[in-house]
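For reference, the structure discussed in these notes is given below.
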Amino acid sequence: MKKNAFTVIHIDEDILAVNKAAGLLVAADRWDTEAARLDLLIEQALPQLAPHCEKLYAVHRIDKDTSGVLLYALNADAHRALNTAFQERQIKKTYRLLIHGAVSEQHFTVDQPLRADGDALHRTVVDKRRGKEAVTHFTVLETFRRFSLLEAQPVTGRTHQIRVHLAASGYPIVCDSLYGSGKPVLLSEIKQRWHGDIYTEQPLIQRLALHAYQVEGTHPRFGTPFSFTAPYAKDFKSTVHQLQKL
């Protein structure tokens, strides 16, 4: 198993919530066939995690380079119930992310229709004529010298929705190589009195600075509310910590 590929947040006879590491696909992808897959790694661990479950059922996805909480069903009944809940927008998903720049308002909403695989790079694009409805609510949590920490709550679930909505608004997510510059964050470039070695310096973060922070909904068997929160990944946490110190 890939070291630190995931940690278990919650498991019972119906659902499994894990905290995914960045760099893992959650399922097969026609554009990236060689990358390690989280679903296969979890299936290898299922005999120890849930000996009596039927199999692993995916109910939603997050991007390969996004870290954070991912929810699975462990039987067909839970799968049907959770799929319905996602389709009817009864599951609330919350993300944390870093952007370049500062936003003037604390709360804002982006309502831009999106079309997947819309250009030669297979990116999702804003398309007001042929795009599908896409709405994301944003809250500014902290503003730093050159960056901001935001919380995002997507109402819809389009491919790369948060990334595209922010890039289209002029605030690309840090280290987004598809919709932004992809440039890593170096402490030497953001700290005024930095005394390290530029030849051995390691980036604070060099992958998409997007973290699936929380998933909330109703348990498919008991009808009770659940809320699963994923602690920040190490690189995301250390970057936020350094920015707070500047």
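The values are calculated or read from the model by the stated rules, or taken from the named source; none is laboratory data. Quantities reported herein were computed from a predicted structural model and do not represent experimental measurements. For neighbour counting, all protein chains shown are included, and Cβ atoms are generated from backbone atoms with ideal geometry for every residue, glycine included.
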field: Residue, nearest to Val215 (Cα to Cα), within region 87-129, restricted to residues that are surrounded by 14 or more Cβ atoms within 10 Å (Cβ to Cβ) and of a type in the set (S, T, N, Q)
entry: Thr94
task: Any residue in region 72-90 that's within 14 Å of Arg61 (Cβ to Cβ): show its pairings with residues that are among the charged types (D, E, K, R) at Cβ separation under 7 Å, as long as the two are six or more apart or on different chains.
output: Ala73/Asp14
- prompt: For Gly217, are the conditions met, namely being modelled with pLDDT of 95 or more, surrounded by fewer than 17 Cβ atoms within 10 Å (Cβ to Cβ) and not hydroxyl-bearing (Ser, Thr, Tyr)?
  reply: no
query: In region 95-103, is there at least one residue being within 19 Å of the chain's Cα centre (by Cα), under 30 Å from Ser177 (Cβ atoms) and of a type in the set (Phe, Trp, Tyr)?
result: yes
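Residue by residue, here is whether (1) touching a Ser or Thr at 6+ places or on another chain (Cβ under 8 Å); (2) basic (Lys, Arg); (3) without any contact (Cβ under 8 Å) to a residue 40 or more places away in the chain; (4) under 16 Å from Ala230 (Cα atoms) holds:
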| site | (1), (2), (3), (4) |
| --- | --- |
| Lys20 | yes, yes, no, yes |
| Leu41 | no, no, no, no |
| Ala45 | no, no, no, no |
| Leu49 | no, no, no, no |
| Ile62 | no, no, no, yes |
- prompt: Just one of Gly170, Gly196 is at positive phi, out of contact with any Cys (no Cβ under 9 Å at 6 or more places or on another chain) and loosely packed, with under 15 Cβ neighbours inside 10 Å; which is it?
  reply: Gly170
- request: Spot the failing condition for Arg123; the list is (1) of a type outside the set (Asp, Glu); (2) over 18 Å from the mean Cα position of the chain (by Cα); (3) assigned to a loop (DSSP other than H, G, I, E, B), and only one is missed.
  value: (2)
statement: Scanning region 3-34 residue by residue, the ones that are loosely packed, with under 13 Cβ neighbours inside 10 Å and at pLDDT below 90 total 9
message: Cβ contacts < 7 Å: first residue touching a residue at least 12 places away in the same chain (Cβ under 8 Å) and under 12 Å from Leu97 (Cβ atoms), restricted to region 160-174; second residue surrounded by fewer than 20 Cβ atoms within 10 Å (Cβ to Cβ) and of a type in the set (Val, Ile, Thr), any location; separation 6+ or different chain. Result?
response: Tyr171/Val103
- prompt: Before we move on, is Leu121 out of contact with any Gly (no Cβ under 6 Å at 6 or more places or on another chain), touching a residue at least 12 places away in the same chain (Cβ under 8 Å), aliphatic (A, V, I, L, M) and within 30 Å of Leu204 (Cα to Cα)?
  reply: yes
message: Quick test for you: out of Thr94, Thr139, pick the one residue that is over 29 Å from Tyr57 (Cα atoms) and assigned to a strand (DSSP E or B).
response: Thr139
